[in-house]
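These notes concern the structure reproduced below.
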Amino acid sequence: MKGRRRGADLEAALLEAAWTELTERGYSGLTMEGVANRAGTSRPVLARRWNDKAELAIAAIRQQMAKHPMAVADRGDLRTELLEYLELASTRAKGIAAVFTLFSSEYFQDTSSTPQDLRTALLAGGKETLRALLDRAVERGEILEQNLAPPVDTLLGVLFRHHVLMTFSPPPEALRTAWVDRIFLPLVKPQEES
């Protein structure tokens with residue numbers, strides 16, 4: 001007979017069940033009862049940890065994000081690091097798609113929040129990996145800080161999110177490479193004097 005789950009094991013199981021419900025049913029189909037049933041527990045067990053399904057959805061998405069960290073080591077070359085960053089982001093594409101179900105649902109009405117509030121909640125305590133890569137490249141002299149003015153500094157993230165939103169799939173490698181080589185790097189690298 002399987003022992004009773006407690007503490008971190010129970011919370012991980014609940015968040016995994018919530019994640020499965022969220023990816024299968026979207027935010028509008030997510031219920032505390034459905035998560036409790038999938039996790040083999042009761043609704044009061046969930047209610048002791050999360051006040052409502054909005055909090056539960058955020059916690060489940062954050063757990064998935066933690067499973068796929070976006071840490072990119074210093075490779076000494078921005079192009080290499082950007083391609084690695086986009087590859088890691090591609091492993092999160094399913095999670096990004098789940099996040100977008102929140103945008104097309106009653107989440108914002110339930111929480112009286114904005115998309116920026118949602119982004120802040122999801123990134124709470126985390127670091128902006130792309131910005132860290134760009135700062136490192138500036139320090140190495142590969143790119144110029146003044147070339148990172150908005151919207152250039154967030155361009156790759158915007159392109160990636162747009163693709164995932166429109167297709168619910170990660171961008172293929174060839175497209176990611178084109179974004180880096182043909183669009184982003186020409187905008188940020190120092191112009192060679194003629």
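Using the heavy atoms of the protein chains and a 1.4 angstrom probe, tell me the accessible area per residue for the chain in square angstrom.
56
Averaged over residues, the count of other Cβ atoms within 10 Å places the peptides 164-177, 16-29 in the sequence 16-29, 164-177, highest first. A straight line joining the Cα centroids of the stretch 166-181 and the stretch 46-64 runs 31 Å. The apolar share of the surface of the chain, taken as the fraction of accessible area on carbon and sulfur atoms (1.4 Å probe, ligands and nucleic acids excluded), comes to 53 percent. Peptide packing: for 37-45, 54-62, the average count of neighbouring Cβ atoms within 10 Å per residue gives the ranking 54-62, 37-45, highest mean first. Taking the longest Cα principal axis of the chain as reference, the axis of helix 7-29 is set at about 80 degrees.
Of the residues THR120, LEU144, PRO186, the one whose Cα sits farthest toward the positive end of the charge dipole of the stretch 108-194, with +1 on the Cβ of Lys and Arg and -1 on the Cβ of Asp and Glu, is THR120. Note that the stretch 154-163 has calculated 3J(HN,Hα) couplings of 10, 4, 4, x, 5, 4, 5, 4, 4, 4 Hz, one per residue in order, obtained from phi through the Karplus relation 6.51 cos²θ - 1.76 cosθ + 1.60 (θ = phi - 60°); glycine and proline are x. Note that the stretch 110-117 has calculated 3J(HN,Hα) couplings of 4, 9, 6, 10, 10, x, 5, 4 Hz, one per residue in order, obtained from phi through the Karplus relation 6.51 cos²θ - 1.76 cosθ + 1.60 (θ = phi - 60°); glycine and proline are x.
When P(r) over Cα pairs in 10 Å bins from 0, in percent is calculated for this entry, the matching label among (1) 8, 31, 30, 18, 10, 3, 0, 0; (2) 9, 33, 36, 16, 5, 2, 0; (3) 8, 26, 21, 12, 13, 12, 6, 1 is (1).
Let's see if you can work this out: charge +1 on each Lys and Arg Cβ, -1 on each Asp and Glu Cβ, no other charges. What is the dipole magnitude of the stretch 1-49 about its Cα centre, in debye to the nearest 20?
Values: 9 positive and 6 negative charges, 58 e Å.
The dipole of the stretch 1-49 has a size of about 280 debye.
Please tell me the relative contact order of the chain in percent, rounded to the nearest whole number, where contacts are Cα pairs under 8 Å and at least six residues apart. Numbers along the way, then the final one.
Numbers: 171 pairs, mean separation 42.8, N = 194.
Over the chain, the number comes to 22 percent.
The values are calculated or read from the model by the stated rules, or taken from the named source; none is laboratory data. Not measured: the values here are computed from a predicted model. So basically every Cβ, Gly included, is an ideal-geometry build from the backbone, and we count neighbours across all protein chains shown. Side chains are part of the model used for accessible areas, which takes the heavy atoms of the whole protein and leaves out ligands, DNA and RNA. Shrake-Rupley method; radii C 1.70, N 1.55, O 1.52, S 1.80 Å.
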